[in-house]
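Okay, so here's the structure we're looking at.
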Amino acid sequence: MTWQAASHQWPKSAQTIQTCSESVLNQVNGVIGTAINKVKAIESKVAFARHPLSNEAESLLANRQKLDALLVQGQVLCVHPYQHQVGSKNENGDHLSAPVAVQTLANKLIDVQDDYLPAGDLYVQGLMIAEQNMGDFTLHCQQLFNVLPIPELGLVARRSNQALDQAQSQFIKPLPIVQPRFKPKALINIDPLRQVLQYQGGQVAQLESIAGDKQTPVQKLQALANKRNAQLTSWHDALNQLKNSNVAVYQFTATGNANVISTQLAQSSMPGHDHTYTFAALFISATPLTFLSELFA
């Protein structure tokens with residue numbers, strides 16, 4: 001198995017769940033609108049019944065189990081230029097070439113001194129960012145972190161961004177701050193005022209609730225329908241926004257025990273030593289990494 005160029009794409013497993021869920025949810029607004037019109041026509045004599053889409057929705061409740069199944073337990077092993085005894089440092093900053101990063105991961109997979117070394121048959125998904133300059137490395141680390149918020153990757157994105165800023169402003173000497181310092185803004189309340197706000201605030205809240213009750217039950221039902229439709233639209237738009245990403249990475253996929261995967265890593269093809277800014281991570285689990293394997297292909 002070799003490291004291959006890959007681009008971000010939305011996993012089919014997540015899309016399938018969304019599509020079949022929205023086959024019912026997308027009908028909610030129209031059905032509720034029709035129901036409201038019927039209720040308005042017979043406001044004086046309303047008979048309530050079960051939701052028209054209830055049976056269809058009930059048949060799709062297994063989507064919860066499918067969604068939960070995409071979350072698997074495992075380990076994440078990361079290497080990057082800012083790790084002690086992994087990256088190298090010179091007058092130009094911290095560096096880690098792609099071949100060294102991959103070899104470090106391969107060596108770690110056979111480190112029998114580590115009590116948490118994964119054992120048994122494993123599923124491994126590797127992702128790697130390898131760049132020749134700090135600017136591209138910082139940008140792509142942040143883009144990948146927005147998709148996969150790995151804590152270690154967030155650290156790398158912040159450190160590389162700081163290093164980039166320092167390199168661009170190393171000849172600018174800021175003026176020293178004048179003492180004393182301003183503290184951040186906060187509520188300036190003494191205890192009696194807090195208690196007044198607590199008790200009288202509760203009274204005012206009741207007044208606001210009573211004064212705001214100006215709608216008939218039909219109007220409230222209309223408002224509830226509009227609120228639910230807006231929320232469903234918001235979820236739909238948010239999911240579609242997650243799918244749009246221009247993250248470009250190298251990926252590595254393997255199965256087997258740690259020794260086999262270590263050998264495959266060491267023998268894999270990858271960017272050369274001229275890619276001196278590298279972040280690489282292995283996602284390791286005893287169960288298939290369906291979502292991750294489909295997220296980058």
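Have a look at Leu67, Leu71, Leu77 and point out the one that is at pLDDT 90 or above and within 24 Å of Ala286 (Cα to Cα).
Leu77
In region 2-33, which residues are surrounded by 16 or more Cβ atoms within 10 Å (Cβ to Cβ) and under 30 Å from Met128 (Cβ atoms)?
Trp3, Ala6, His8, Trp10, Pro11, Ser13, Ala14, Ile17, Gln18
Any idea which residue in region 253-293 is farthest from Ile110 (Cα to Cα), counting only those that are β-branched (Val, Ile, Thr) and part of a strand (DSSP E or B)?
Thr278
Results for (1) outside the structural domain of Ala106 (by TED's automatic domain parsing); (2) touching a helix residue (DSSP H, G or I) at 6+ places or on another chain (Cβ under 7 Å); (3) more than 30 Å from Glu43 (Cα to Cα), shown as yes or no for each residue.
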| residue | (1), (2), (3) |
| --- | --- |
| Gln198 | yes, no, yes |
| Thr233 | yes, no, no |
| His236 | yes, yes, yes |
| Gln251 | no, no, yes |
| Thr255 | no, no, yes |
| Ala258 | no, no, yes |
| Tyr277 | no, yes, yes |
| Ala280 | no, yes, yes |
| Leu289 | no, no, yes |
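May I ask you to verify whether Ile36 is in contact with a Lys or Arg (Cβ under 9 Å, 6 or more places away or on another chain), surrounded by 15 or more Cβ atoms within 10 Å (Cβ to Cβ) and either of a type in the set (Lys, Arg) or outside the structural domain of Glu131 (by TED's automatic domain parsing) (or both)?
So Ile36 fails the test.
Please verify whether region 77-87 includes one or more residues that are outside the structural domain of Val28 (by TED's automatic domain parsing) and of a type in the set (Val, Ile, Thr).
yes
Please give the number of the condition Tyr250 fails out of (1) over 19 Å from Thr16 (Cα atoms); (2) in a helix (DSSP H, G or I).
So Tyr250 meets the others, but not (2).
Report yes if some residue within region 201-210 is modelled with pLDDT under 90, of a type in the set (Gly, Ala, Ser) and assigned to a loop (DSSP other than H, G, I, E, B); otherwise report no.
No, that holds for no residue.
The values are calculated or read from the model by the stated rules, or taken from the named source; none is laboratory data. Bear in mind that the values here come from a model prediction, so they are computed numbers and not experimental data. Positions of Cβ are backbone-derived with ideal geometry, glycine not excepted, and every protein chain shown enters the neighbour counts.
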